[in-house]
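The values are calculated or read from the model by the stated rules, or taken from the named source; none is laboratory data. Just so it is clear, the structure is predicted and the values come from calculations on it, not from any experiment. Note: ideal-geometry Cβ built from the backbone for every residue, glycine included; neighbour counts use all protein chains shown.
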Amino acid sequence: MTPDTIQKLNSLNIRMYRNASQDFSDSRSEPWDGWVLMLEEFKKLKFQPLHVLDVACGNARFYDFLRSKFKVDYRGMDTSEELLSIAALRNPDLKLFKHDILEYPWPVGHFDLVAAFGITHHLPGISTRQVFFSELSKHIDLQGYTIFTTWNFKDQPWLIRRQHSWAEIGLSPEDVDQGDFLLDWKGDPRLLRYAHAYTQDEVRQLCTNAGLEIVSIYTADGRNGNGNTYYIARKIERVFD
């Protein structure tokens with residue numbers, strides 16, 4: 001995928017979230033089921049507080065979930081100024097900052113937990129995806145973890161019916177990668193977004209290349225409980241007690 005196409009698709013997604021920010025936030029008011037399952041993996045964590053980076057945090061509802069379970073030092077990062085404004089209204093004292101997720105390096109330090117929910121499918125191009133996973137790895141403390149999701153929209157017939165032709169945005173199938181789709185938001189053809197469908201082998205390779213070891217994989221969320229695949233990973237080089 002060329003740099004121009006990557007930029008075009010990233011701009012498309014930024015525009016969609018700008019125009020649908022309130023509607024999107026309203027649809028993301030409750031915790032995902034997969035977050036509850038995550039607690040089983042993290043129940044032995046001894047971080048006090050738990051230092052968290054929430055990549056593509058949206059309205060920061062993950063913070064609302066975490067603070068009921070842990071003592072949390074939370075920082076939220078998102079490309080969307082509109083969604084960050086909504087997050088700030090919900091939690092005025094929260095540490096939030098605007099940064100294009102595809103601009104590297106991220107201007108942050110190291111964390112016990114780096115979360116990335118609902119963002120990996122918006123990463124256009126193999127090179128973009130690899131750098132993103134490397135950034136996840138870079139910002140995890142040696143004893144920390146990352147948890148991220150991939151969206152299983154190909155398994156949801158009602159979502160695939162929202163697929164559009166690449167010609168609608170001036171592209172052809174040859175311009176994009178295998179597994180790439182052009183979808184709309186809630187059936188509105190004016191609100192188009194780029195999405196990539198991952199295979200588990202693809203995710204494993206991205207993690208390996210980024211120096212990450214996957215320690216847990218599970219599916220959750222959505223109408224049938226298979227809307228997202230969750231991956232919990234840690235750095236391959238770790239310091240043990």
Scanning region 52-91 residue by residue, the ones that are assigned to a strand (DSSP E or B) and under 18 Å from the mean Cα position of the chain (by Cα) total 9
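Residue-by-condition table, conditions (1) buried (at least 16 other Cβ atoms within 10 Å of the Cβ); (2) within 30 Å of ARG190 (Cβ to Cβ):
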position	(1), (2)
GLU40	no, no
LEU83	yes, yes
GLY109	no, no
ASP112	yes, no
Condition set in a strand (DSSP E or B) and not charged (D, E, K, R), scope region 107-132, selection nearest to GLY227 (Cα to Cα): answer is ALA116
How many residues of region 114-132 are crowded, with 19+ Cβ neighbours inside 10 Å and farther than 20 Å from SER80 by Cα? The answer is 1
Those residues of region 157-189 which are more than 16 Å from THR120 (Cα to Cα), modelled with pLDDT of 90 or more and among the charged types (D, E, K, R) amount to GLU168, GLU174, ASP175, ASP184
Selection from region 191-238 of residues in a strand (DSSP E or B) and free of Cβ contacts under 8 Å to residues at least 40 places away in the same chain yields GLU213, ILE214, ILE217
Do the conditions hold for PHE62, that is, is it farther than 26 Å from GLY227 by Cα, surrounded by 19 or more Cβ atoms within 10 Å (Cβ to Cβ) and modelled with pLDDT of 90 or more?
no
Checked TYR218, TYR198, TYR230, TYR194 against criteria (in contact with a Gly (Cβ under 6 Å, 6 or more places away or on another chain), at pLDDT 95 or above and not polar (S, T, N, Q)); the one match is TYR230
Counting only residues that are closer than 15 Å to GLU82 by Cβ and in a strand (DSSP E or B), region 92-106 contains a total of 3
Considering region 15-29, residues that are modelled with pLDDT of 80 or more and surrounded by fewer than 18 Cβ atoms within 10 Å (Cβ to Cβ), and then whichever is farthest from HIS122 (Cα to Cα), we arrive at ASN19
Here the residues within region 133-150 that are touching a helix residue (DSSP H, G or I) at 6+ places or on another chain (Cβ under 7 Å) and not in a strand (DSSP E or B) are PHE133
| query | Does THR79 satisfy the criteria of being of a type in the set (Ser, Thr, Tyr), farther than 23 Å from ILE232 by Cα and surrounded by 17 or more Cβ atoms within 10 Å (Cβ to Cβ)? | reply | yes
Residues in region 156-190 that are loosely packed, with under 13 Cβ neighbours inside 10 Å and in a strand (DSSP E or B) total 2
When (1) closer than 21 Å to ILE126 by Cβ; (2) at pLDDT below 95 are applied to ALA210, the one that fails is (2)
